[in-house]
Structures are given as C-alpha cells and as structure tokens.
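K.L.:
Got a structure for you, written out below as structure tokens; questions coming shortly.
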Amino acid sequence: STDSVESGQARDPGALNSAGRAFPALAPTFGFRTSLGQWLSLARLETRTLLRSLPFLVLMLFGLLNLTGNLSSELNGRFLYPVTHRMLSTIAGGFDLFLLIVIVFYSAELVWREKKHRFHEIQGSLPVPSWTFLTSKFAALTVLILVSLTLAMGLTMVFQLVKGFHHLEPGLYLRGLFVMSFSEWLLLAVIAMFTQVIGRQRYLGFFLMMLYFLVNTFGPELGMEHHLFFYRSTPAVIYSDMNGYGHFADAALWFKFFWGLLAVIMLTVAARLWPRGSQDSLWPALRNLPSRWRPVHSGIVTAAGLGFMACGAFIYYNTNILNDFEPGDDDERVQANYESQFKDYQKNPSPRVTAVVAEVDFYPEQRRVDIRGTFDLANKTDQFIEELYLNINPLQELRSLSLDNGLTLTEPTQWDQETGFRVYHLTEAVAPGRTVKLSFDLGADIDGFVNNGANPEIVANGSFISNLDYLPRIGYLSDLELTVPTDRRKQGLDPEWSMPSLDDPENLMTTFISDADHITFEAVVSTCAGQTAIAPGKLQAQWEQDGRRYFSYRVDEPILNFYAFLSGRYEVAREQWHDVDLEVFYHKDHAVNVPRMLESMRATLDYCTASFSPYPYEQLRIVEFPRYRRFAQAFPGTVPFSESADFISDLRDTDNIDMVFYITAHEIAHQWWGHQLIPANVPGGQMITESLAQYTALMVMEKDLGPSRVGKFLQYELMNYLRGRGAERDEEMPLFREEGQSYVYYRKGSLVFYALRDYLGEDVVNDALQEFLMAHLDQGPPYATAPELLERLRERTPPQYAYLIEDLFETITLYDNRTEAVTCTRTENGRFRVVVDYVSRKYQADGQGLEVEVPHQDWVELGVFGEDADGQEIQLCREKRRLTTGEGRLEVIVDQEPKRAGIDPRNLLIDRVVGDNSKAVSMGAG
Ligand SMILES: [Zn+2]
C-alpha cells in the first residue's frame, strides 16, 4: 500500500546518512497519517507564503487592471451586452498572460525556495518523502490558479452588474473558467515544475519552458497541425448561448484527459527526481532513480501510460479515421485541383434547375441530416445534353440517384472524392427544351470529433444548412475557384483570376447561382421534439409523428435557387405587416433586441414597397443561429442571423450606432436587391446587391434616427473604406467594376449612394432604381449589370453634376478638402457674415493607389453650424458651392451665431483626411 512504500522511502538508510546521524530516541512513526499531516501543513505553508508574496500581488494587480482596460474598450463601434461567454474570452485576452507568468515564475520559486533560503540541506534531511514536497508545492500552485481565476471572475461579474447586465451565469463561469481554463493551467503548472526539476536550475528550467512555448507556437506553422503533437494543445472551443459548448466539448475534454495522463507521468517522475538536499545535477538523480523506484511508481506510470496510449488511439480514431484529418491549407489545394481537373466541363451544356421538392430530416442530437428530393432539370440550351455533372458535398453519403422517364444513370464515369464532383453519362441524351426529373437520397452523419474545423452547420441546437452546401449542385462551379493571386500562384495556377467579362453577352445569362434561373420550391422539414424546423416559404401544415415534428413549406412566387433549412429550440415573436407575417425566431435569453428588429423589418418594408416594388412573399422571418458563423444571410423571405452580434447589441446608449436596426434593414433590403433584382455574375454585381442594400438601410435609418446619427455611421464607413484600400494587396477597382472587394461594395458603396442622394435628391435616385428593378423583375436572363444602372442614373443627372457619375462610380476619386480658417463678423442688421478660407484638391488613383491630381471646379457643400438652446449642434447653412482647385474663400450670411463651419463638413465626398473639413469659428471685430 501507499503508506508502507512511502514510509519505506523515509527510512531509506541513504537519507538518514545524509543527515549525518539518526535520531533513535524519538522513535518516530512514519505512517500514512503522518505523511498526510506533514503534507497538509506543508501545503498550507507553501500556499500562505505564495499568496502573500509581493510579485504575486503585483502581477495580479496588473492582470486585473489590464482586464479592466480590455473590458471597457469596445471594438468597431459595436456595443454588445457583457454576456458571460464574452467575459470569458475577455479574461482569456486580458488576464491569461499574467496568470501564465505567475505560474511559470512560481513553479521555479517553489522548486528552489528552500535552496534560496539555504534551507535545502536541512529540508533534504528531514524524514519526509519527496512526493510530499512536490505535491504540496503543486497544491499551492493549484490554489494560486484557483484564486487568480476567482479574482478574474469576480471582476467580470462586477463589470456585468455595473453595466446593468443582470443575467449572470455562474454555471457557465464554472464550466468555462473552472473546468476548461483551470485544466489547461494545471497542465501548464505540471510542465513548468517538471522543467524546473529536470533543468536542475531556475534558468535552465525557464529555458526549457521557452523551448516548449516555441515548439507549441511554431510547430503547427511548420505543418505539424495535429494537436496530439503538442502538450496541452486542444482543438479550439467556441461557446454559443444557443448550443452551449456543444460538440466542441467532447474533443476538448478528450484531449485534456489525454494530456492529463501525461501530466501524471511527469509528476511521478518529477517526484522521484526531486532535487533533494544538495543533489544539484540530474545525472546522479537519474542514476539513483532505479533504487528509488517503487512498485507504486511503476503502477502509476504504467496505468497512466496505458491510459495515455489508449486515449491517444481513441483521439486518432476520431480525428483521422472516423473523420478526415484536414491540414489548414488543404482547402486551397482541393479548390485548385477542382479547377484544374474540371474547368473544361464548364463549356459543355448543362441543364438548369427549375423546380425543387425536398424532404429534410434533422436529427440534431445525433448531428445527422437526411435529405431526399427531386429537381426538375430543363435543357435550356440548343444542344443535346449527354453528360450530367453533379457536385455533392463529400461529407454526405449518396444513397440513391435516379432520373425519370426511363433515363438511367450509369455509375459515375468520374468521381472526385475530395470535392464530390461526379460525371454521369446519360444513356439517352436530353434534347433541347426537354425537362427530366432527378431524384436523390443522401445524408450527412457526423460521428466523433475532429482535430480542427468542426462542422458548425449540423449541431444539437441551431442547425443551419444551405442548398449550396447540402443539396446537389449541377455543373462546374466557378465559385469554388481560388481568386487571390498569391493563393493561386502557391497552388501552381495562373495567378491572374478575373471575373467573367462584362463584354461577353453570354456571361450575362447567369447569376452567382450558376445552375438555375428561377425555381419553384416546396419542402417538408422534420426535426426532434422541442425544436422548430424552418425553410423559406409559407408554413402550409405542421404535424407530429413518432415523436418528431414536421413542417411543410411552400413559396408561391418563383425564387432564386438559394434556400436554407434550420432547426432549433426557438422562442417566436410574431407581428403582422399588412398581409405579411413577421416572425423572429430567437434563443430564449436573446429577447432584448427583438422588438427593435421588428421595427426595422416594418420600416424597411414600408420604405421599399413605397419606393421600389411590392414585397413578393407572405412572410418575412429572422432566424437566429449559433455564433460559430458570424453573418446574416438573406434567403427568400427568411433571413438567418448569427447570435454573435445583433441579438446581444446594447442599444441603451442612443449615441452608439444602432447596428440592430441597420443590419436588419440591410438584410431585408436584399429581398429587393438580390432577390427581385438579380445581377449577372460579372464585375459590379455586388454593387447591385450590397451597395444598394447599404443605401436602402441608410435611408431607412435616417428616417428613424435622423441625419446626425447616420452621419456618424458614414464616418465609420469612410474610415473603413480608407483602411480597406490601404490594405489592398492586389488591385482596387472602381465601384461599378468591383470584383468582390468588400471595402468597395459595402463601405464605398454606402458613401457613394448617400452622396448621390444628396446631390440628385432621393426621388431621383429611387426613380432610377425602381425603373432598373422593373426592367428586370421576373425576367430571367440576361441579368442586371452595374453599367445599366449607371446609364439610368446618368440620364437623370443635371448637367452641372455630370462629372459625379464618373467620379463616384467609374474612377477612384478622392478629395483633400480642408478648412484653413473661419472668421465671422456681425452685419449691420444683426446677422452674421461667415468667411471660410479653404484648400481643395482632387485626385484620381489607379488600382495600385498611385494618385494624380486633377484640377476641378466641383460642387462641394458649404456648411455652417450653430447651437440650439440645449447646446445641441444645428445646421445654419447647407448649400452646394462651386469650388476651384487650391486655395479659395467662401462667404455666407446666417441668422444665428455660428460655432463651426467648413467645406464638405459631412464628408459626403471621399476625403483622404477626415476631420479637417470644418473648423471652429473665430469672431472678428465689427
Ligand atoms: Zn448584404
């Protein structure tokens, strides 16, 4: 038993000899109880000393100060409620480094403390087993970690309460800090002590720790990506309010257990190699190891070792056999292969999907989905179709595939396992104009866990799959191509990638959905009890069968071949807008902004139906999904929103940008820009979908919140645009020929359309948009293009502003507008004469950012601002004046005392330097 072995160790004649002589008169007892008593008093002593030591207190103080700093700074104008999982990641970002330093420093401090105080020889001679020293010190370190985590938790909880956020989640703190983090810190403490013990000196121990950190940091970058290679390494864990730790917990806990077993071995070895007394070097200790080694050590090491290997094998089985182990850059290789092997098929005729009927069964707990369905495939070409090209997500098992009307499918003549691309030869060619029905039965069943990149789509609560990933797609998919030149070069492809040219009319015949025009859509979606399953369309019926819930949906209008299926435990908020059912499906703790979302839905529907066209569906719904993916996406009448932002945005301070209202308006606007007006898959397409959604959201927001808050938002857009073009590594495109750069189609798009509205008037811009929409509504190919919209805008632009279309859309034009001085004098009749001295320059940049100054005589806003009785800024003058290049002077007379004035003070034009456009007024004599 343990006690006899350990007391045996204490009676080791060698140990007694090193003390010089024995103490026979005391007749000490060395039973387990004695050892335990010794251990407890040692552990208490070590802990007390540790917690009272100055470096610990100082480091904790700095850690908590830094954490406070991180808590109070918010990113990118997004103000979110301090929900607990955010607090946990803030602790990881702002406190962990200090705790790491504490652990590494005190591991050394603890191992070498007796030596430092020249007490080590006495300690080494005491009749106390070595494991007592090691484990009591380790216990002290454990308490130190617990105290640190508790302090961090206390601080974040106080922060939550101070912010008026009362939904504290002690259970989540327990799991996040005292299971997930704590276990990692313990593993760190073990290796930190182990390196000190085998290093035999403090600095050698630190050096070994540094090696460990270097290996863990750079190993994965050298291509060793399996977490099994790196002590303490586990797959990333993402917490979601909707889905908890979900499927991430399994992987993380198995890895932690695996490393924990290795830690047990390290601790046992460290106890045996403990630098007892004046044993300074490692070699004598290693030589003595066999004589000090007892069956219990063999027992512990053998059991832990076997467990370690079995656990490693189980992990390997999960990550590499049940699932594919995919190195980080593997996607690029797979995409490159797809392009080089299959691009030739793009020119062969392919049928287009015209009708979809689907049955989708979610089994959320098993992380499984089964999909059966039919596609009507029409040959809209003038050629016979002899081969069918299908893309099926390799995650899925294809159970059956068939064609109607006696057409049979042979086994695929080509099948790429990595991308799921299959080529089928048709026994009889499909004639032009003919439609065939393709039936399929497939499913995805996610087993076990992966090393990295766990599937975020099929989860226990909040599954969200789209047809682009989970239903068959027809033909070669150009959206899988790599587009970034450096990525292409790395994979041996021609680095030049460009979108299909606008000049070839053939390219206008298809959209980003390459295999369909409009489709009809119906689906029955089922899920487990307690969850709601959602698809686009009106809910036709709902029933229960065998403990499962079924929902049948149909869209009465033709839609894009772009839809999604979702399943989750939802609360629902319902309202009515004319004949349209408004619904928000949300997680029970995320109700706070739902009313605001409904307001935005309503406001956007009002604006778009009045300005552009009727809303085509009978329902409009927002559905929440877990924050594994952070975006919102507009499907027909159904808009999934990530839980990451808008559901937890803090709107209580009305000075902040109302992201909930804005993002909702943007997504609802896509029901027009993207779903009713569909761009061809050519450059400028995103200007039609994204820039117009931004413009619509700005208009809706301005009506609700007023121009000054929209102005604030535009400043933020301008800053992001300038930052985006500064970071461009390839080539910046003018807005109407953008090729997918988001800083161009979102950020610049907002600025451009807002400015255009300001110069031309809202009615003029909206008339052009409405005419453009009507020309394409329900028309199918050829699809809409940006130059068409420009023509419609150009027609409506008064001659003096004609240059604007070119400056805003067709070139990269920037201004450097600056106000040098503003003076004001009183006129005889008590009014105020304001004189603005300015410098104005205009530049055109090429795609690489090279700027050339162009002389100009452009119309720029002159703005003068005063204050109302409450001290709020009000605009006293706003008029467009014609400026000239370089220095100039403008004059205006206003009725009230001016405070600030300048040229283009609202930054309607893209200005390289934000903030110098206006200046405070200095009052002159007179
Ligand atoms: Zn969008």
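The values are calculated or read from the model by the stated rules, or taken from the named source; none is laboratory data. Since we're looking at a predicted model, the values are computed, not measured. Every residue, glycine as well, gets a Cβ built from its backbone with ideal geometry; the counts of neighbours run over all protein chains shown. Just the protein is used for accessible areas: all its heavy atoms, side chains included, with ligands, DNA and RNA removed. Shrake-Rupley method; radii C 1.70, N 1.55, O 1.52, S 1.80 Å.
K.L.:
Out of all the residues in region 441-457, is one or more part of a helix (DSSP H, G or I), of a type outside the set (Lys, Arg) and open to solvent by 20 Å² or more (accessible area, probe 1.4 Å)?
P.N.:
Checked region 441-457: no residue is part of a helix (DSSP H, G or I), of a type outside the set (Lys, Arg) and open to solvent by 20 Å² or more (accessible area, probe 1.4 Å).
K.L.:
Moving to a separate point now. Being touching a residue at least 24 places away in the same chain (Cβ under 8 Å), of a type outside the set (D, E, K, R) and open to solvent by 20 Å² or more (accessible area, probe 1.4 Å) is the filter here, so list the residues in region 383-412 that pass it.
P.N.:
Of everything in region 383-412, those that are touching a residue at least 24 places away in the same chain (Cβ under 8 Å), of a type outside the set (D, E, K, R) and open to solvent by 20 Å² or more (accessible area, probe 1.4 Å) turn out to be Gln383, Phe384, Asn393, Pro394, Leu395, Leu398, Ser400, Leu401, Ser402, Leu403, Asn405.
K.L.:
Take residues that are under 22 Å from Phe248 (Cβ atoms) and open to solvent by 50 Å² or more (accessible area, probe 1.4 Å) and tell me which of the helices (runs of 4 or more DSSP H) falling wholly in region 151-223 contain 2 or more.
P.N.:
170-175
K.L.:
Now for a different question. Name the single residue that is nearest to the ligand (Cβ to nearest atom) among those in region 738-765 being among the charged types (D, E, K, R) and in a helix (DSSP H, G or I).
P.N.:
Residue satisfying both the conditions and the ranking: Arg747.
K.L.:
All but one of (1) assigned to a loop (DSSP other than H, G, I, E, B); (2) of a type outside the set (A, V, I, L, M, F, W, C); (3) out of contact with any Leu (no Cβ under 6 Å at 6 or more places or on another chain) hold for Arg232, so report the exception by its number.
P.N.:
So Arg232 meets the others, but not (3).
K.L.:
A follow-up question, please. Does Ser350 meet the test of being among the polar types (S, T, N, Q) and surrounded by fewer than 17 Cβ atoms within 10 Å (Cβ to Cβ)?
P.N.:
no
K.L.:
Restricting to region 731-774, and then to whatever is of a type in the set (Val, Ile, Thr) and buried (at least 19 other Cβ atoms within 10 Å of the Cβ), can you tell me which residue is farthest from Ile910 (Cα to Cα)?
P.N.:
Of everything passing the filter in region 731-774, Val765 is farthest from Ile910 (Cα to Cα).
K.L.:
Just a yes or no: is a residue in region 812-823 in contact (Cβ under 8 Å) with a residue 24 or more places away in the chain, within 20 Å of Arg757 (Cα to Cα) and open to solvent by 50 Å² or more (accessible area, probe 1.4 Å)?
P.N.:
Among the residues of region 812-823, not one is in contact (Cβ under 8 Å) with a residue 24 or more places away in the chain, within 20 Å of Arg757 (Cα to Cα) and open to solvent by 50 Å² or more (accessible area, probe 1.4 Å), which makes the answer no.
K.L.:
Check every one of the helices (runs of 4 or more DSSP H) wholly within region 621-737 and list those with 3 or more residues that are more than 16 Å from the ligand (Cβ to nearest atom).
P.N.:
Qualifying helices (runs of 4 or more DSSP H): 692-705, 707-727.
K.L.:
Does Leu204 satisfy the condition of being over 19 Å from Ile91 (Cα atoms) and more than 32 Å from the chain's Cα centre (by Cα)?
P.N.:
So Leu204 passes the test.
K.L.:
Among the numbered criteria (1) open to solvent by 50 Å² or more (accessible area, probe 1.4 Å); (2) closer than 27 Å to Met597 by Cβ, which one does Ala727 miss?
P.N.:
(2)
K.L.:
Moving on to the next point. Among (1) touching a residue at least 24 places away in the same chain (Cβ under 8 Å); (2) within 46 Å of the chain's Cα centre (by Cα), there is one condition Val852 misses while meeting the rest; what is its number?
P.N.:
Status for Val852: all satisfied but (1).
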